[in-house]
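Visitor: Structure in structure tokens, see below.
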Amino acid sequence: MTTKRGRLAAYWERQLDRAEEQEAQRALKLRAWRTRRRRRQLVGLTAAGDLILIVAAALLELVPNWLFIVLWVAGFVVAGTGFIPQRIVTGKMSDSFSRRLDEREREWRHRTAFLAYQVMIYLMLIAMVYELAINRRPDGAIRGVTMLAALIVTGSTLPSMILGWTLPDDDPEDFLEPGDGA
């Protein structure tokens, strides 16, 4: 039993080491975007994509299928275009292993996760009320599930969006490579 547990621990240590190496490489990307102004632009882009998804879900019955598909795909593309670089410029702080974060980053992550969890509860209540309002319609189930999916995507982007909006500008000295500084 202990050898199995030891192998599992060694496996996770290797995974954490690999994640640290990847994060070190990722930390060198998008250096010029690590300002509050740029992060807030990415948050706005992600929020716009989330809003497109929610509007597409709400209009599912009212628009032709092809238009719904165009809106749905556009929502994912717009949200992803903001969300992926946003995770890079926030250092993936919203979903990193605790071992890789310092105390300040860990505190930021816990605060944003708590706030995002509370907002997610309200989003699920909205989805529930929406489903109750449309459940007697012939396509009520698909409309409810589509709205639920849009709100889950929105909720899952919240921790990174909150960090992107609230984090201060990074210290440029944090990104100096060895031998670059004084």
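The values are calculated or read from the model by the stated rules, or taken from the named source; none is laboratory data. Note that the coordinates shown come from a computational prediction; the quantities given were computed from them, not determined experimentally. Neighbour counts run over all protein chains shown; Cβ positions are idealised from the backbone, glycine included. Protein only, heavy atoms only, side chains kept; ligands, DNA and RNA dropped before computing areas. Shrake-Rupley method; radii C 1.70, N 1.55, O 1.52, S 1.80 Å.
Visitor: In contact (Cβ under 8 Å) with a residue 12 or more places away in the chain, of a type in the set (A, V, I, L, M) and within 24 Å of A32 (Cα to Cα): which single residue out of V119, V89, V55 fits that description? Lay out the reasoning, then the answer.
Guide: Details: V119 fails: within 24 Å of A32 (Cα to Cα); V55 fails: within 24 Å of A32 (Cα to Cα).
The match here is V89.
Visitor: Which one is modelled with the lowest pLDDT, of the residues in the range 13-37 that are charged (D, E, K, R) and either under 18 Å from L101 (Cβ atoms) or open to solvent by less than 80 Å² (accessible area, probe 1.4 Å) (or both)?
Guide: Within the range 13-37, the subset charged (D, E, K, R) is 13-14, 17-18, 20-21, 23, 26, 29, 31, 34, 36-37.
Restricting the remaining residues to those that are either under 18 Å from L101 (Cβ atoms) or open to solvent by less than 80 Å² (accessible area, probe 1.4 Å) (or both) gives 13, 17-18, 20-21, 23, 26, 34.
Values: E13: 81, D17: 76, R18: 81, E20: 72, E21: 75, E23: 69, R26: 66, R34: 82.
So the residue we want is R26.
Visitor: In the range 131-152, what count of residues is obtained for those that are of a type in the set (K, R) and open to solvent by 70 Å² or more (accessible area, probe 1.4 Å)?
Guide: So the first thing to find is which residues in the range 131-152 are of a type in the set (K, R), and the list is 136-137, 143.
Checking which are open to solvent by 70 Å² or more (accessible area, probe 1.4 Å) leaves us with 136-137.
Residues flagged as of a type in the set (K, R) and open to solvent by 70 Å² or more (accessible area, probe 1.4 Å) within the range 131-152 amount to 2.
Visitor: Another one. If you take the residues in the range 60-69 that are open to solvent by less than 80 Å² (accessible area, probe 1.4 Å) and among the hydrophobic types (A, V, I, L, M, F, W, C), which one is farthest from V153 (Cα to Cα)? Can you show your working first?
Guide: Let us first name the residues in the range 60-69 that are open to solvent by less than 80 Å² (accessible area, probe 1.4 Å), namely 60-61, 63-64, 67-68.
Applying the additional criterion that residues be among the hydrophobic types (A, V, I, L, M, F, W, C) yields 60, 63, 67-68.
Details: L60: 17, V63: 22, L67: 20, F68: 17 Å.
It comes out as V63.
Visitor: Of the residues in the range 116-138, how many are modelled with pLDDT of 90 or more and either hydrophobic (A, V, I, L, M, F, W, C) or not in a helix (DSSP H, G or I) (or both)?
Guide: Of the residues in the range 116-138, 13 are modelled with pLDDT of 90 or more and either hydrophobic (A, V, I, L, M, F, W, C) or not in a helix (DSSP H, G or I) (or both).
Visitor: While we're on this one: Taking the options A113, A141, name whichever one is within 18 Å of V43 (Cα to Cα), part of a helix (DSSP H, G or I), out of contact with any Cys (no Cβ under 6 Å at 6 or more places or on another chain) and modelled with pLDDT under 90. Full working, then the answer.
Guide: Numbers: A141 fails: within 18 Å of V43 (Cα to Cα).
Exactly one residue qualifies, and that residue is A113.
Visitor: Right, something else. From the list R39, R18, which one is over 15 Å from M161 (Cβ atoms), part of a helix (DSSP H, G or I) and of a type in the set (D, E, K, R)? Give the steps one after another, and end with the answer.
Guide: Working: R39 fails: over 15 Å from M161 (Cβ atoms).
R18 is the lone residue from the list that is over 15 Å from M161 (Cβ atoms), part of a helix (DSSP H, G or I) and of a type in the set (D, E, K, R).
Visitor: Is it fair to say L67 is closer than 27 Å to R143 by Cα and within 17 Å of the chain's Cα centre (by Cα)? It would help to see each step written out before you state the result.
Guide: On the way: closer than 27 Å to R143 by Cα: yes; within 17 Å of the chain's Cα centre (by Cα): no.
In short, no.
Visitor: Turning to a different aspect of this structure: All but one of (1) in contact with a helix residue (DSSP H, G or I) (Cβ under 7 Å, 6 or more places away or on another chain); (2) free of Cβ contacts under 8 Å to residues at least 24 places away in the same chain; (3) more than 30 Å from K29 (Cβ to Cβ) hold for E105; state the number of the condition that does not hold.
Guide: (3)
Visitor: Quick check: anything in the range 74-86 at pLDDT below 80, open to solvent by 90 Å² or more (accessible area, probe 1.4 Å) and not aliphatic (A, V, I, L, M)?
Guide: Residues of the range 74-86 that are at pLDDT below 80, as a first pass: none.
No, the range 74-86 has no match at all.
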